[in-house]
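This report refers to the structure that appears directly beneath it.
Derivation of every value follows stated rules applied to the coordinates shown; laboratory data play no part. This structure is a prediction, so every number in the text was calculated from the model and none was measured. Using ideal geometry, Cβ is built from the backbone for each residue, glycine included, and neighbour counts are taken over all protein chains shown.
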Protein chains: 2
Amino acid sequence: MTATATVTKTKRTPVPLNGVDTPTLLATIGAVGAQPDLAKFRFRANNRWVSGTHNQSTMHGFYGAGGEHQHVASYKASGDHPAVLCGGDAGPTPVEWLLHALASCLTAGLANIAAARGIKLSKVESTVEGDIDLRGILGLSKDVRNGFERIKVSFEVEGDASADELKKLVMQAKDRSAVFDCLTNGVPVSVAVKTPAA
Amino acid sequence: MTATATVTKTKRTPVPLNGVDTPTLLATIGAVGAQPDLAKFRFRANNRWVSGTHNQSTMHGFYGAGGEHQHVASYKASGDHPAVLCGGDAGPTPVEWLLHALASCLTAGLANIAAARGIKLSKVESTVEGDIDLRGILGLSKDVRNGFERIKVSFEVEGDASADELKKLVMQAKDRSAVFDCLTNGVPVSVAVKTPAA
């Protein structure tokens, strides 16, 4: 028996916390564990070009937990290039949406993890910054990549736990984040095109 | 001289097309080529936790072209988990935002490329689907990744060009997409945490 194995873990009775229905969340995880097919999800975004670099996505239906679901609303979001890049600035840039996706995933996970650990949060804020050299996408240099060179996430977390426990929430959120994994490890992406019949 | 080298390329005079100010776009690319420091951009999203898995990002200021800029509006977007995953469904899921970012980047690029090539677009629509096995993020299996296993993009493109030329627009958009590069090749992401002083 090692020293670490002597640490007594108190079995915590899960209670709703931070706006998270912790008992239901843990029951859901248990149900998925017992029936792994429930874990298969397919998310979708349907995008249509508006004009110039302005386009709009709709996110409404998705498949998961053995069936088709719909969000409570048909969520819509625009993307555009800013004026300095000759766009109409009708929405955030696509790369800003990527930063939002990352911040949102880490923060949602953090709130769930804090609830499961019995930590009451009072503040979670983050800034996500991405550095990009546009010579890549503008086709001006073969030595410059198209995407972000690096992304930096800075969290501020406050709650009824020690600094160490609060930091560990962020680290666990990172270790269980879908978007963090996609961005740091990459995803196979296939692209197909349909055009009018000749 | 090879056969391909005998192809005469007509020097096209750029004209505004598809809502793209093509002459200004090409002049901008030329200016950046002459002064590479203008190509350095830093985009940001500021996110704050609301309750449960609901959080909201603001995308307003960004650095680029040698100075600080602001979008015409302080763009805000929510992220949340859906009801089936015990969330409040106050917005799209973080992974759907990732799909939106990809669709938006490819479509904006496509419109610019079509304008530069003198192709008038009449329709650009896409569906982006991502398959994910949630046993990863739920911590139920070490053999399942946290993120998407695969992403599939399906474009429908119509315009005054051949099917082959329209397909090539999508392929060039892919080859010059910041988000496509980030997702397929990965990005280094650093995460820092600030907590209240003890």
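A few points about this structure:
- Cα-Cα P(r), region B:67-127, percent of pairs per 5 Å interval: 4, 13, 16, 15, 17, 16, 11, 6, 3, 1
- Taking chain A as a Gaussian network of alpha-carbon nodes connected by springs under 10 Å, the highest mean-square fluctuation of the residues A:56, A:70, A:172 belongs to A:70.
- Proximal charge balance of residue A:57 [Cβ under 9 Å; K/R count +1, D/E count -1]: +1
- For the Cα trace of chain A, dividing Rg by the Kirkwood Rh returns an Rg/Rh value of 1.03.
- Relative contact order for chain A: 15 percent, from Cα pairs under 8 Å spaced at least 6 residues apart, divided by residue count.
- Under the span-like rule (Cα at least 15 Å along the axis, Kyte-Doolittle mean at least 0.0), DSSP H helices of chain B: B:22-34, B:94-116
- For peptide B:28-40, the mean count of partner chain Cβ atoms within 10 Å of a residue's Cβ comes to 4.
- With the label put 7 angstrom out from Cα along the Cα-to-Cβ vector, residue A:26 ends up 6.5 nm from the copy partners, going from closest to farthest.
- Per-copy distances of the residue A:196 label point, shortest first, in nm (7 angstrom along Cα→Cβ): 6.4
- Per DSSP, loop GluC sites (Glu not before Pro) in region A:133-182 with at most 15 further Cβ within 10 Å: A:149
- Remark: A:78, A:57 ranked as A:78, A:57, counting other beta-carbon atoms within 10 Å and listing the fewest first.
- Take residue B:165, push a point 7 Å out from Cα through the beta-carbon direction, and compare it with the same point in every other copy: 6.6 nm, smallest first.
- For region B:71-165, the equivalent ellipsoid built from the Cα gyration tensor has semi-axes of 34, 18, 10 Å, listed from largest to smallest.
- Per residue of peptide B:111-121, the mean number of Cβ atoms on other chains within 10 Å of the residue Cβ is 2.
- Directionally averaged projected area (convex hull, Cα atoms, the protein assembly as shown), nm²: 23.5
- Normalised by the number of residues in region B:74-130, the average gap of Cα pairs under 8 Å and 6 or more apart makes the relative contact order 24 percent.
- The residues neighbouring residue A:106, those whose beta-carbon lies less than 10 Å from its own, together hold a net charge of +2 under the Lys/Arg +1, Asp/Glu -1 convention.
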